[in-house]
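K.L.:
Let me give you the structure first, and then I'll get to my questions.
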Amino acid sequence: MSMITYKGYCGVFDYDAEADIFHGEVMHLSDVITFQGRSIDELKEALKDSVEDYLEFCAQKGKTPQKPYSGRFNIRLDPELHQRIALEAASSGKSLNGWVADALKTVVQHQQR
């Protein structure tokens, strides 16, 4: 599967060779947002249109649109690893959350190179 984004909404898509069309869906929402197109440019435009339609629909209904990511997630660790990370964070003068966020940011930036 491949991904494209619009306004923070991440859509995954596949190509259906039989139908000769790309089709996709926005990830990580309980609301369903789909899109399709015959080219990547059409697909990007369809994602944009679908997200804008969703945002407009929510506004008309007085509903807060779901955000794909809240900026929070829980993680379960081995207790020994948890302790080691907490000690590293404290020794660097950071909160546990700040230390983990920085470590994850470093990994992601490294992978983007």
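Where a number appears in this text, it was derived from the coordinates with a stated rule and is not lab data. What you see is a predicted model; the values in this text were computed from it and never measured. A quick note on method: Cβ atoms are made from the backbone with ideal geometry, for glycine too, and the neighbour counts reach across all protein chains shown.
K.L.:
Can you tell me how many residues in the range 77-102 are exposed (fewer than 14 other Cβ atoms within 10 Å of the Cβ), of a type outside the set (Asp, Glu) and not in a helix (DSSP H, G or I)?
P.N.:
Number of matching residues: 4.
K.L.:
One residue is enough: does the range 40-59 have a residue meeting the conditions without any contact (Cβ under 8 Å) to a residue 24 or more places away in the chain and part of a loop (DSSP other than H, G, I, E, B)?
P.N.:
no
K.L.:
Continuing with the same structure: Assuming Asn74 fulfils every condition listed in (1) assigned to a loop (DSSP other than H, G, I, E, B); (2) surrounded by 12 or more Cβ atoms within 10 Å (Cβ to Cβ); (3) not small (Gly, Ala, Ser) apart from one, which condition is it?
P.N.:
Condition (2) is where Asn74 drops out.
K.L.:
Here is a further query. Determine which member of the set His23, His28 is part of a strand (DSSP E or B), of a type outside the set (Phe, Trp, Tyr) and within 19 Å of the chain's Cα centre (by Cα).
P.N.:
Values: His28 fails: part of a strand (DSSP E or B).
Of His23, His28, the one residue that is part of a strand (DSSP E or B), of a type outside the set (Phe, Trp, Tyr) and within 19 Å of the chain's Cα centre (by Cα) is His23.
K.L.:
Scan the range 16-34 and report the pairs whose first residue is touching a residue at least 60 places away in the same chain (Cβ under 8 Å) and whose second residue is surrounded by fewer than 16 Cβ atoms within 10 Å (Cβ to Cβ) and not in a loop (DSSP other than H, G, I, E, B), with Cβ atoms within less than 7 Å and a gap of 6+ or a chain change.
P.N.:
No pair meets every condition.
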